[in-house]
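Colleague: Handing you a structure now.
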Amino acid sequence: MIARLDAERPLFFGADQGLFGIYHPPVAPATQAVLLCPPLGQDHIRSHRLYRQLANALAAAGMPALRFDFHGSGDSAGDSTDIRWDRCLADTTAAAAELRQLSGCDRIALFGARLGGSVALAAAANVKPDRVIAWDPVLNGADYVARLDALQDSLRIDTRRFDQARTAEAAAGQWQGFTIDARLRQQLAELQLEPPSTQVRLIESALPVTTSADRQRLIANGATVTTLSSSTPWEELDRLEIAIISHELVQSASGLLREAT
Amino acid sequence: MTEQAFRFGRAGHLVGIAGLPSAASAQTGIIMLNAGLVHRIGPFRLHVAIARRLNACGYPTLRFDLSTLGDSAASDESLPRAQQVRADVAEAMDLLGKQAGCTRFVLIGLCSGAENAHLVACSDPRVAGAIFLDGFAYRTPGFLLRHYLPKLANPVRIWRFVHRRLRPSGRIAAPDFGVVVPPLAQVRAELADMLQRGLKLCFVYSGGTSEYFNHRRQFRECYGAVASHPGTTLEYFKAADHTYILEGDRRQLVDTIERWLLLNLPQVTAGGGACPTISTTHLT
C-alpha cells in the first residue's frame, strides 16, 4: 500500500506550542510508531529529504511516524543560540508523548542520524522506546566539537565560497552556518553517552565517523551493527550544501524498524 | 506574533508556515520562496530569521515549499514548471490574504527563488515588490575587465588559472540551483514593465556571484534605465557568500531587507495607519 503524501499533517505541539512537527499517519491501524529525531545544524537541513522519505516509507508500511524540529531549529520557535542538549532531550520526550497521542500507539521506536541519533540514545531512559536505531551517532562529543571547529576554520578561508578569506572573528562562535551558544558547546564537549537499557541498532556508513572505543562500549552492551555499502559525507566542506540522500539507509532503517522486537 | 502551520493549495499539496503579527489585518504580506532544493526554512535558516524580523515589524509572512520541494507534494497536474510556480505562489498569496487580510505582496527569493520571484512578479497584479537575492545579472565588458585584468597582472594567478585548466580538480562543483537565465533584453524589458506598474524592486548581490557579477557599476551596465529608476534599490555584499553562511553577513542582509521594506512598502494595518512597531535601530 502507498501512503497518501497529502495525508502528512504539519502541526505545532509542546507545552507552549513551539515545537514544529509533521505527522505521517499509517495506511492501516498500527501497533508501533516511530519518532524521527533530527540532527542539528547543517546536518538537519541536508537530511530533511531523507527523513521525509523514511517517514513516508514507514507510514506506507503501516508504521505512523513523527518528524519534528528541536527548539531553536527548523520551523520550531527559538533561535539557534537557544539550543541546549537538555532541552533537546525534553523536546524528544514531548514529541514522543505527541506521537503516542496522535497514533494511539503506546509502543514507539526512536530513529536518529548524527546528533539526532545521540539524542535518541540519551532520551531513551525517559521515552522508554522498544528500540533505538542510530545512524552514525555522535558518541564522543569532544572529538565532534574539535572536528566542527576545524571545519569552520577551513570554511572561513575557502576562497571558492568567499571572494576573500574571512577573519577568525567573523566566523567565531559558529559551526557551518549556525551560531552556537557557549553552553551548548560545553554540553557537547562533555557528551559521553551511556548505553541505554533498550535494544539498540547502530547503522554505520561504510567509513564510520564513530570512534571505536565508544562504539565498542555500545556493542558490549548488546547493540548490533548494520553497515551501509557506502560512506556518508557528513563533515566534508565541499558537500556542505548538498543533500544527504541514501536509499540504502531508508531501506535498511525501515526494514529494521519493521522487525519484531 | 504567532506561527501557524498550513497544508494548502489546489490539491492540498503545499506546506507552509505563516507568521501572523498581532494586528487583525495588514495590507502587505511577505512570501518567501525556496532557495534551490533547501526546504522552506532557507539556507542556514535564513528564511526563519527574515520572517520573524518582519513579523516583529507587523508584516505577515509565509515561508512555504513549492510543489515537489521540501514537504510539499506534487499537484498531480501536468503543468509546465513556470505555470506550476505561478499557481503555487498565487495560492500562497490567497492563504496569507485569508489569514491576515493582505492585499499586496512582496516576494523574496534567493537564486532559483529570485528566478521564481521574477517569474511571478511579471504576471501577478498582487505583487507590489520583490527582493531578488543573487538574481539575474549578465557579464558585461566591465565585468570581464575587472575579472581578468588583475589575473593578467599577477603571475601566480596566471599559473593557477593554467593549472586548473590543465588539471581539473576532483572537487565537488558548487551547488547547482538549476537557474535558467533568459536573455538580457527580455529580463530588462520585464523589469521595466514591473517598475512601470509601480512595483518596488530590491536587488541584492553577494560575493558568491563573482563568476557573473563583480561590481555595483555592472548593474547599470546590465539594466540601464531600470538601474536609475526610483523604484529600484541595489545592494552589493562582496564579502558575503552566496548563501550567507556567516551570522554577521546574515544579520546584515536581514537588516537590509527590513530597512528596505519599511522605507518602500511600509505596513498599513486595519485601522489605516502605518505600523507603529517600526524600529529605527536598523535604519541608521
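Colleague: Shielding by partners for A:166-172, please: the mean number of other protein chain Cβ atoms within 10 Å of each residue's Cβ. List each step's numbers first, then the result.
Modeller: Numbers: counts 7, 0, 0, 1, 5, 4, 3.
Partner Cβ neighbours, averaged per residue: 3.
Colleague: Next up: Given R₀ = 41 Å, what would the calculated FRET efficiency be for B:I158 paired with A:R183, taking r from the Cβ atoms and rounding to 0.05? It would help to have the intermediate numbers written out before the result.
Modeller: On the way: r = 49 Å, r/R0 = 1.21.
The computed FRET efficiency comes out at 0.25.
Colleague: Per residue, how much accessible area does region A:169-231 have with a 1.4 Å probe, in Å²? Kindly include the intermediate steps, with their values, before the conclusion.
Modeller: Details: 3220 Å² over 63 residues.
I get 51 Å² per residue for this part.
Colleague: Also, quick follow-up: If I fit a long axis through the Cα atoms of helix B:184-196 and take the longest principal axis of the Cα atoms of chain B, what angle between them do I get, 0 to 90°, rounded to 10?
Modeller: For B:184-196 against chain B, the angle is about 30 degrees.
Colleague: With the crude spin-label approximation of a point 7 Å out along Cα→Cβ, what separation in nm comes out for B:L149 versus A:S229?
Modeller: 5.5
Colleague: Let me ask something else about it. Hey, can you list the residues from region A:174-206 whose accessible area shrinks by 30 Å² or more with all protein chains present, relative to the chain by itself (probe 1.4 Å, no ligands or nucleic acids)?
Modeller: Buried by 30 Å² or more upon assembly, which counts only protein chains, are A:Q174, A:G177, A:F178, A:T179.
Colleague: Give the calculated FRET efficiency between A:E236 and A:A142 to the nearest 0.05, with a Förster radius of 25 Å applied to their Cβ-Cβ distance.
Modeller: 0.75
Colleague: Could you provide, to the nearest whole Å², the per residue accessible area of region A:15-80 with probe 1.4 Å?
Modeller: Details: 1550 Å² over 66 residues.
The answer is 23 Å² per residue.
Colleague: From the backbone phi of region B:14-25, what are the Karplus-calculated ³J(HN,Hα) couplings (6.51 cos²θ - 1.76 cosθ + 1.60, θ = phi - 60°) in whole Hz, Gly and Pro given as x?
Modeller: Residue by residue, region B:14-25 yields 9, 10, x, 10, 9, x, 10, x, 5, 4, 4, 8 Hz.
Colleague: A follow-up question, please. Can you check how the C-alpha radius of gyration of chain A compares to 2.2 N^0.38 Å, as a plain ratio? All intermediate terms of the calculation are to be shown ahead of the outcome.
Modeller: On the way: Rg = 17.8 Å, N = 261, 2.2 N^0.38 = 18.2 Å.
In units of the 2.2 N^0.38 Å rule of thumb, it is 0.98.
Colleague: Follow-up question, since we're still on this one. So which residues in region B:56-79 end up with at least 30 square angstrom less accessible surface once the other protein chains are there, compared with the chain by itself, probe 1.4 angstrom?
Modeller: B:G70, B:D71, B:A73
Colleague: What order do you get for B:145-155, B:120-130 when each peptide is scored by the mean count of other beta carbon atoms within 10 Å, highest first?
Modeller: B:120-130, B:145-155
Colleague: If the chain between B:R251 and B:T2 were fully stretched, how many nm would it gain, using 0.36 nm times the residue separation less the Cα-Cα distance? Spell out each step's value before the answer.
Modeller: On the way: separation 249, 0.36 × 249 = 89.64 nm, distance 2.19 nm.
Gain on stretching B:R251 to B:T2: 87.4 nm.
Colleague: While we're looking at this one, here's another question. If amide H atoms are built 1.01 Å from N in the plane of the peptide, which residues on other chains or at least 5 residues away come under 5 Å of the amide H of A:G18?
Modeller: Those lying under 5 Å, H to H, from A:G18 are A:F13.
Colleague: Here's another thing I want to ask about it. For chain B, what does the helix formula give at 222 nm: sum of -39500 (n - 2.57) over DSSP H segments with n ≥ 4, over the residue count, nearest 500 deg cm²/dmol? Walk me through the numbers before you get to the answer.
Modeller: Values: 9 runs with 110 residues, N = 284.
Computed ellipticity for chain B at 222 nm equals -12000 deg cm²/dmol.
Colleague: So for region A:133-255, considering every pair of alpha-carbon atoms, how many percent are separated by more than 27 Å?
Modeller: On the way: 2201 of 7503 pairs.
Tail fraction, whole percent: 29.
Colleague: While we're here: Beyond 31 Å, how much of the Cα-Cα pair distribution for chain B remains, as a whole percent?
Modeller: It works out to 28 percent of all Cα pairs.
Colleague: How big is the A-B contact in terms of buried accessible area, both chains counted, 1.4 Å probe, rounded to the nearest 100 Å²? Could the numbers behind the result be given before it?
Modeller: On the way: alone 11800 and 13450 Å², together 22050 Å².
Counting both chains, the buried surface is close to 3200 Å².
Colleague: As a test question: what accessible area, to the nearest 10 Å², does A:T31 have when a 1.4 Å probe is rolled over all protein chains in place?
Modeller: 100
Colleague: Within 10 Å, count the other beta carbons around each residue, average over each peptide in A:89-98, A:168-177, and list them highest first. Don't skip to the end; give the middle numbers.
Modeller: On the way: A:89-98: 20.4, A:168-177: 17.2.
Averaged packing, sorted descending, gives the order A:89-98, A:168-177.
Colleague: Separate question: Antiparallel as a % of all DSSP beta bridges within the protein assembly as shown, to the nearest 5? Provide the component values of the computation, followed by the final result.
Modeller: Working: 25 of 73 bridges.
Around 35 percent of the beta bridges assigned by DSSP in the protein assembly as shown are antiparallel ones.
Colleague: With no solvent and one point on each alpha carbon, what is the Debye value of log10 I(q)/I(0) for region A:80-187 at q = 0.16, 0.19, 0.23 Å⁻¹?
Modeller: -0.79, -0.97, -1.21
Colleague: Check B:R40: other-chain or 5+ apart residues with amide H under 5 Å from its amide H, H built from backbone geometry?
Modeller: B:D71
Colleague: I'd like the carbon and sulfur percentage of the solvent accessible area for region B:2-264, probe radius 1.4 Å, heavy atoms only, ligands and nucleic acids excluded. Could the numbers behind the result be given before it?
Modeller: Values: 5950 of 10540 Å².
Of all accessible area on region B:2-264, carbon and sulfur atoms account for 56 percent.
Colleague: Still on this structure: Counting Lys and Arg as +1 and Asp and Glu as -1, each charge on the Cβ, what is the dipole of the protein assembly as shown about the Cα centre in debye, to the nearest 20?
Modeller: It works out to roughly 1220 debye.
Colleague: Could you tell me what percent of the accessible area of chain A is made up of carbon and sulfur, with a 1.4 Å probe and every protein chain present?
Modeller: Numbers: 5120 of 10210 Å².
Of the solvent-accessible surface of chain A, carbon and sulfur hold 50 percent.
Colleague: Between A:T93 and B:A56, what is the label-point separation in nm under the 7 Å Cα-to-beta-carbon projection?
Modeller: Placing both labels 7 Å beyond Cα along the Cβ direction yields 3.1 nm.
Colleague: Which residues' amide hydrogens lie under 5 Å from the amide hydrogen of B:Y236, considering only partners 5 or more residues apart or on another chain, with H built in the peptide plane?
Modeller: Residues meeting the criterion, in which the H sits 1.01 Å from N, are B:Y205.
Colleague: Among B:91-99, A:71-79, how do they line up by average Cβ neighbours within 10 Å per residue, starting with the highest?
Modeller: Numbers: B:91-99: 19.8, A:71-79: 21.8.
Ranked by mean Cβ neighbours within 10 Å, highest first: A:71-79, B:91-99.
Colleague: Here is a further query. For A:A60 and A:E248, compute 0.36 nm times the residue count separating them, minus their Cα-Cα distance, and round to one decimal in nm. Show your work: numbers first, answer last.
Modeller: Working: separation 188, 0.36 × 188 = 67.68 nm, distance 1.69 nm.
Result for the pair: 66.0 nm of gain on full extension.
Colleague: Could I ask something else about it? Could you work out the percent of alpha carbon pairs in region A:1-156 separated by over 26 Å, rounded to a whole number? Write down the numbers at each step before the final one.
Modeller: On the way: 2697 of 12090 pairs.
Result: 22 percent of Cα pairs exceed 26 Å.
Colleague: In 10 Å bins starting at zero, report the fraction of Cα pairs in the protein assembly as shown per bin as a rounded %.
Modeller: Spelled out bin by bin, the protein assembly as shown gives 4, 18, 27, 26, 17, 8, 1, 0 percent.
Colleague: If you take every residue apart from A:A95 with its C-beta less than 11 Å away from the C-beta of A:A95, what net charge results, scoring Lys and Arg +1 and Asp and Glu -1? Mind dumping the intermediate values first?
Modeller: On the way: positive: A:R67, A:R100; negative: A:D69, A:D91, A:E98.
Around A:A95, the surrounding residues sum to -1.
Colleague: Determine, from the Cβ-Cβ distance of B:S22 and B:L195 and an R0 of 35 Å, the FRET efficiency 1/(1 + (r/R0)^6), rounded to the nearest 0.05.
Modeller: On the way: r = 34 Å, r/R0 = 0.96.
Result of the calculation: an efficiency of 0.55.
Colleague: Further question on the same structure: From the backbone phi of region B:99-108, what are the Karplus-calculated ³J(HN,Hα) couplings (6.51 cos²θ - 1.76 cosθ + 1.60, θ = phi - 60°) in whole Hz, Gly and Pro given as x?
Modeller: 3J(HN,Hα) across region B:99-108, in whole Hz: 7, 10, x, 6, 10, 9, 9, 10, 9, 10.
Colleague: For chain B, what is the accessible area per residue in Å² when the probe is 1.4 Å?
Modeller: Working: 11840 Å² over 284 residues.
Per residue, chain B has 42 Å² of solvent-accessible surface.
Colleague: In whole Å, what are the extents of region B:22-138 along the principal axes defined by its C-alpha atoms, from largest to smallest?
Modeller: The Cα atoms of region B:22-138 stretch 38, 30, 28 Å along the principal axes, largest first.
Colleague: Ordering B:D76, A:D143 by accessible area with a probe of 1.4 Å, largest first, what comes out? Spell out each step's value before the answer.
Modeller: Working: B:D76 145, A:D143 60 Å².
Largest to smallest exposure gives the sequence B:D76, A:D143.
Colleague: Residues of region A:45-65 losing 30 Å² or more of accessible surface, assembly versus chain alone, probe 1.4 Å, please list them.
Modeller: Relative to the lone chain, where solvent access is computed with a 1.4 Å probe, region A:45-65 loses at least 30 Å² at A:I45, A:H48, A:R49, A:R52.
The values are calculated or read from the model by the stated rules, or taken from the named source; none is laboratory data. What you see is a predicted model, and the numbers here were worked out from it, not measured in a lab. Cβ sites come from the backbone with ideal geometry, for glycine too, and all protein chains shown count toward neighbours. The area values use the complete protein model at the heavy-atom level, side chains included, leaving out ligands, DNA and RNA. Shrake-Rupley method; radii C 1.70, N 1.55, O 1.52, S 1.80 Å.
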